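Derivation of every value follows stated rules applied to the coordinates shown; laboratory data play no part. Only a predicted model underlies this, so the values are computations on that prediction, with no experimental measurement involved. Glycine gets a Cβ as well: all are built from the backbone with ideal geometry, and neighbour counts include every protein chain shown.
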Amino acid sequence: MKNLKAKELRDKSVADLEQMVTAEQAAMYKARRDLAFRSLTDIASFKIRRHNVARILTVISEKNRGTN
């Protein structure tokens, strides 16, 4: 799991970004479930996914406002 760059996200359409949010949230749910069952070994990936969701949602809101 890598950090997504806001510059890369701004090049994508809103529909693509919404699909990315859905995928990240599903992966975050799976990571949270694995953490509860003690089968998650990479705890840092959960934090990265959470930050990625925040970045994507920020870019979506910027596009909806017409800022960028």
For Arg38 and Leu57, calculate 0.36 nm times their separation in residues minus their Cα-Cα distance, and state this gained length in nm to one decimal.
3.9 nm
The chain: angle of helix 14-36 to the longest principal axis, Cα-based, in degrees nearest 10:
10
If Lys and Arg each add +1 and Asp and Glu each add -1, what is the summed charge of the other residues whose beta carbon sits under 11 Å from the beta carbon of Gln25?
+2
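Quick check of the Kirkwood formula: for the chain, what is the inverse mean of 1/r over all pairs of different Cα atoms, in Å?
After inverting the mean inverse Cα-Cα distance, the result is 12.6 Å.
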Under the helix-only model (-39500 (n - 2.57) for each DSSP H run of 4 or more, divided by the residues of the chain), the mean residue ellipticity at 222 nm, to 500 deg cm²/dmol, is -24500 deg cm²/dmol
Within the chain, list the chymotrypsin sites (Phe, Trp or Tyr not before Pro) lying in a DSSP loop whose Cβ has at most 11 other Cβ atoms in a 10 Å radius.
Phe37
Taking Cα pairs under 8 Å and at least six residues apart, what relative contact order does the chain come out at, in percent?
51
Quick check: the distance between the Cα centres of the range 40-63 and the range 4-39, to the nearest angstrom?
6
Going by alpha carbons, how many degrees (0 to 90, nearest 10) lie between the helix axis of 44-65 and the longest principal axis of the chain?
20
